[in-house]
Amino acid sequence: QRARRAVPAPARNRPVRRAGAGMAAVCSRRALVRLVSGGVTRRQGVGVVHQPTCFVTRLNINNPFAFAKPFRSASSNGPPPPARLFCVVGSGPAGMYTVDRLLKHYGPNGVRVDLLDKSPVPFGLVRAGVAPDHQSTKLVQNRFDEILRDARVSFLGNVRLGSDVFLDELTPRYHATVLCYGADGDTKLQIPGEDTLAGVFSARRFVGWVNGDPEIVRDTTFTKEVHKSLTNYSDRNTCVIFGLGNVAVDCARILLRSVEELSATDIARSALETLKQSNVRKVLLIGRRGMAQAAFSPKELRELLQLPDVKVTVFDDALQAEDEEDLVTSRPRRRAVEAIRKAVDVGTDGDNKNLKELQIKFLRSPVALHGSPRGG
C-alpha cells in the first residue's frame with residue numbers, strides 16, 4: 001500500500017487513450033486533450049488502456065533498459081505486472097532506434113510504446129533533412145517502417161511537447177519517457193540583414209522545403225518567398241551559401257543539378273516545379289576556414305564537383321604550413337583537397353549554353369547582408 005501511495009491517485013486511476021495497435025494516428029488538439037485527461041470518444045476509434053503506474057519502478061543508471069522489479073507490498077500475491085509502457089518523444093533516427101531497442105529487450109509481450117512527434121509524419125530528418133537525390137541514405141526508412149508496423153508500437157503525430165502535451169502529464173502514465181528530439185531552430189550568423197531581407201533562408205528550412213516537410217510547406221509565406229527568389233529575377237542568377245559542411249554541399253547540388261535528374265528522385269513536386277523555373281546559374285560556397293579545414297566529406301564533395309555542365313572555380317586555395325600538417329593527419333581532408341584540385345584542372349566546356357558555375361571561396365566571413373527588405 002505504501003508503494004501505491006507513492007503515485008498520485010488521479011494518475012493511478014486515469015486511463016490512457018492510445019492509437020490502435022500498429023496504427024499511425026494524427027492527433028488534433030482536442031483529441032490530445034482527451035488523451036491526457038482520460039476521456040474516451042468512439043469517433044476517434046481508439047481504445048482505453050489502464051496503465052500500470054501503480055507499480056513504482058527503479059531505473060538502473062548504468063543500463064537504462066534494465067529496470068528493477070517493481071516495488072510491491074510483501075503481502076501482495078496478485079497477478080504479475082502488465083507490459084511496461086514507454087513513451088518516446090521524437091520519431092527521428094534516435095527515437096526509432098530507441099523503440100527498436102525496447103522491443104528487442106522486453107520481448108513480444110513485455111512492452112508497449114507510444115511514439116510522439118510534432119510532425120504528422122514520422123522519421124524526422126531522415127525524411128526531411130536528407131537530400132532527395134541521396135536515396136541510399138533514406139533506405140533506413142524501410143527498417144523504420146517495420147518498427148512502426150509492430151503491434152506493440154503506436155505512432156501519434158501532430159503532437160508537440162510543451163504546447164499540446166507536457167512532460168508532467170506523460171511521466172505519471174509511463175514507466176519511462178524518453179526524449180529523442182533534436183534541435184528545433186537555426187543557428188544565426190548574427191549579422192545585419194539576416195532576419196529582415198528577402199531571399200535569406202536557413203539551410204534547414206531550404207532542405208525541408210525541397211523534401212516537402214509539412215512543418216515547412218505549411219508556411220505559405222516562406223514557400224512563396226523561395227519561389228519568388230529563385231524565379232522572379234531574371235537579372236539575378238547567383239545564390240550564395242555560407243558554410244562548407246555537407247548540408248551546404250547538398251543545397252548547392254540541388255540548385256545546380258539538372259531538373260531531369262531531380263525528377264527521378266523523391267523531391268517534393270512543388271519544389272521541383274520551382275526549380276524548373278529557377279534563374280540560378282551560379283552558386284557561391286563561402287566559408288571562414290581554409291581548404292584544409294573544410295567540414296564537407298570527400299564523397300559528397302566529389303558528387304558536387306562532378307556535376308555535368310558545371311564549371312568549378314576556387315579562390316584562396318593556397319595551403320599554409322599548418323594546413324599541410326592538418327592534411328597529413330587527416331586522410332578525408334586530403335581526399336577532399338585532391339577532389340577540389342582535380343575539378344579545377346579538368347574544367348568544363350564553356351560553349352555549353354546550359355553551363356552553370358560553382359565558386360568556392362575560403363577564408364571569408366560575412367559581416368552584413370544588403371538587399372531588399374521582406375515584403376518589398
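The values are calculated or read from the model by the stated rules, or taken from the named source; none is laboratory data. Only a predicted model underlies this, so the values are computations on that prediction, with no experimental measurement involved. Cβ sites come from the backbone with ideal geometry, for glycine too, and all protein chains shown count toward neighbours. Keep in mind that these areas ignore ligands, DNA and RNA; they rest on the heavy atoms of the full protein, side chains included. Shrake-Rupley method; radii C 1.70, N 1.55, O 1.52, S 1.80 Å.
Points to keep in mind about this one:
- Radius of gyration and Dmax over the Cα atoms of the stretch 134-180, both given in Å: 14.3, 41
- Equivalent-ellipsoid semi-axes for the stretch 182-264 (Cα gyration tensor, √(5λ), whole Å, largest first): 19, 17, 15.
- Of all accessible heavy-atom area on the stretch 86-238, the percent that carbon and sulfur account for (1.4 Å): 52 percent
- Across the stretch 106-163, the mean sequence separation of Cα contacts (distance under 8 Å, 6 or more residues apart), normalised by length, yields a relative contact order of 57 percent.
- Taking a straight line from the alpha carbon of LYS361, these lysines sit under 30 Å away, with near neighbours fewer than eight places off in the same chain left out: LYS188, LYS224, LYS228, LYS276, LYS282, LYS299, LYS311, LYS342, LYS353.
- Partner lysines whose Cα lies under 26 Å from the Cα of LYS104, excluding those fewer than 8 positions away in the same chain, are identified as LYS69, LYS118, LYS138.
- Amide H contacts of ASP133 (H built 1.01 Å from N, in plane; Pro and chain starts excluded): no residue 5 or more places away or on another chain comes under 5 Å.
- The 1.4 Å probe gives accessible areas that order ASP235, ASP219, largest first, as ASP235, ASP219.
- Rolling a 1.4 Å probe over the protein chains gives CYS180 an accessible area of about 20 Å².
- Residue-level accessible surface for TYR97, protein heavy atoms, 1.4 Å, Å²: 120 Å²
- Calculated over the stretch 245-376: convex hull of Cα atoms, volume per residue (Å³): 136 Å³
- Trypsin sites (Lys or Arg not before Pro) restricted to DSSP loop in the stretch 174-232 with at most 11 other C-beta within 10 Å: LYS188, ARG218
- In order along the stretch 318-326, the phi-based Karplus estimate (6.51 cos²θ - 1.76 cosθ + 1.60, θ = phi - 60°) of 3J(HN,Hα) comes to 5, 9, 8, 4, 5, 5, 4, 5, 4 Hz; Gly and Pro are listed as x.
- Accessible area of the stretch 219-261 divided out per residue, in Å², using a probe of 1.4 angstrom: 49 Å²
- Average Cα contact separation per residue, the stretch 200-358, under 8 Å, 6 or more apart, as relative contact order %: 26 percent
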